[in-house]
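First up is the structure itself, then whatever we jot down about it.
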Amino acid sequence: MKKVLILFIFILTMTSCKYKITSPYSEYDISLGGNENKTLSVIDANATEDDIKNALSNNKELTGKNIIIVAGYISSSKIFDTMKTALQNEKNIELDLSNASFDNSYNFTLENAAFLQTVLFAPTQKLAANFFSGCTSLESIQLTSSLTAIESTSFNNCSSLKNVEYLGASADILSGVKPFSGTVKPTDLYLPNISSQSEDWKDFLGVSWANIHYGVSMPK
């Protein structure tokens with residue numbers, strides 16, 4: 001009887017500690033104001049439609065915004081294809097890919113994802129051809145300092161694009177890159193890592209910017 005009791009206590013201890021069965025999505029602790037910490041739901045490349053919808057619901061309840069966070073390695077179009085189906089009736093989605101990673105040779109896209117409003121791009125070296133093509137509701141894009149190439153068709157028909165945030169510290173890295181054409185005419189450039197005004201940025205990405213915001217992040 002004593003052995004049975006000890007075994008029961010051991011099992012109870014293990015099930016109540018931190019060692020949990022792996023969830024379809026993980027959770028990041030964030031501060032949402034005040035003294036209380038909340039958790040945002042984070043999905044990975046294997047998330048199902050239900051995982052995506054549940055994450056969206058949880059994040060909206062916590063923040064009041066339609067936030068989807070994807071973390072980890074992405075090797076195929078699977079997660080983006082699933083996302084397009086799960087979110088096809090949604091709008092004003094903020095997609096955070098800043099904790100995701102792609103191979104430099106990736107060729108999958110978010111083409112025609114009309115639900116996207118804001119995207120924080122992944123820390124990769126290139127933004128592939130047609131990646132955001134047809135994302136007609138996309139208003140804001142954050143580009144990481146790791147980018148060395150943006151294809152000329154990456155933003156085709158992104159007619160709502162207004163805000164571009166670049167996390168790099170040198171305009172020379174993307175010198176000569178001109179990814180915006182036709183009806184795509186962003187107006188505001190945000191440079192949170194550049195503290196003072198410089199002529200180097202006046203034609204960055206081939207745009208005559210109406211406003212350049214030094215030392216400021218774009219509104220989200």
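Summary of values
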item	result
Condition met for ALA100 (in a loop (DSSP other than H, G, I, E, B) and either hydrophobic (A, V, I, L, M, F, W, C) or more than 24 Å from PRO219 (Cβ to Cβ) (or both))	no
Matching option when the condition is among the charged types (D, E, K, R), more than 23 Å from ALA128 (Cα to Cα), in contact with a strand residue (DSSP E or B) (Cβ under 7 Å, 6 or more places away or on another chain) and at pLDDT 90 or above, among GLU27, GLU94, GLU90	GLU90
Single unsatisfied condition, LEU116 versus (1) within 13 Å of the chain's Cα centre (by Cα); (2) open to solvent by 50 Å² or more (accessible area, probe 1.4 Å); (3) free of Cβ contacts under 8 Å to residues at least 24 places away in the same chain	(2)
ALA55 at pLDDT 95 or above, more than 13 Å from the chain's Cα centre (by Cα) and in a loop (DSSP other than H, G, I, E, B)	no
Selection from the range 68-94 of residues that are open to solvent by 20 Å² or more (accessible area, probe 1.4 Å) and closer than 24 Å to THR124 by Cα	GLY72, TYR73, SER75, SER76, SER77, LYS78, ASP81, THR82, LYS84, GLU94
Count of residues meeting criterion [β-branched (Val, Ile, Thr) and either part of a strand (DSSP E or B) or without any contact (Cβ under 8 Å) to a residue 24 or more places away in the chain (or both)] in the range 73-97	2
Those strands (runs of 3 or more DSSP E) lying entirely in the range 120-220 with at least 3 residues open to solvent by 10 Å² or more (accessible area, probe 1.4 Å), farther than 27 Å from ASP81 by Cβ and not hydroxyl-bearing (Ser, Thr, Tyr)	211-214
Scan of the range 103-113 for residues that are buried (at least 19 other Cβ atoms within 10 Å of the Cβ) and under 18 Å from GLY72 (Cβ atoms), ordered by number	LEU110
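Residues checked against (1) touching a helix residue (DSSP H, G or I) at 6+ places or on another chain (Cβ under 7 Å); (2) under 19 Å from ALA45 (Cα atoms):
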| position | (1), (2) |
| --- | --- |
| ASN89 | no, no |
| ASP96 | no, yes |
| SER101 | no, yes |
| LEU110 | yes, yes |
| ALA114 | no, no |
| VAL119 | no, yes |
| THR124 | no, yes |
| ASN130 | no, no |
| SER133 | no, no |
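The values are calculated or read from the model by the stated rules, or taken from the named source; none is laboratory data. Only a predicted model underlies this, so the values are computations on that prediction, with no experimental measurement involved. Please note: Cβ atoms are built from the backbone with ideal geometry, for glycine as well, and neighbour counts cover all protein chains shown. For the accessible areas, the whole protein counts, side chains as well, though only heavy atoms, and no ligand, DNA or RNA atoms are used. Shrake-Rupley method; radii C 1.70, N 1.55, O 1.52, S 1.80 Å.
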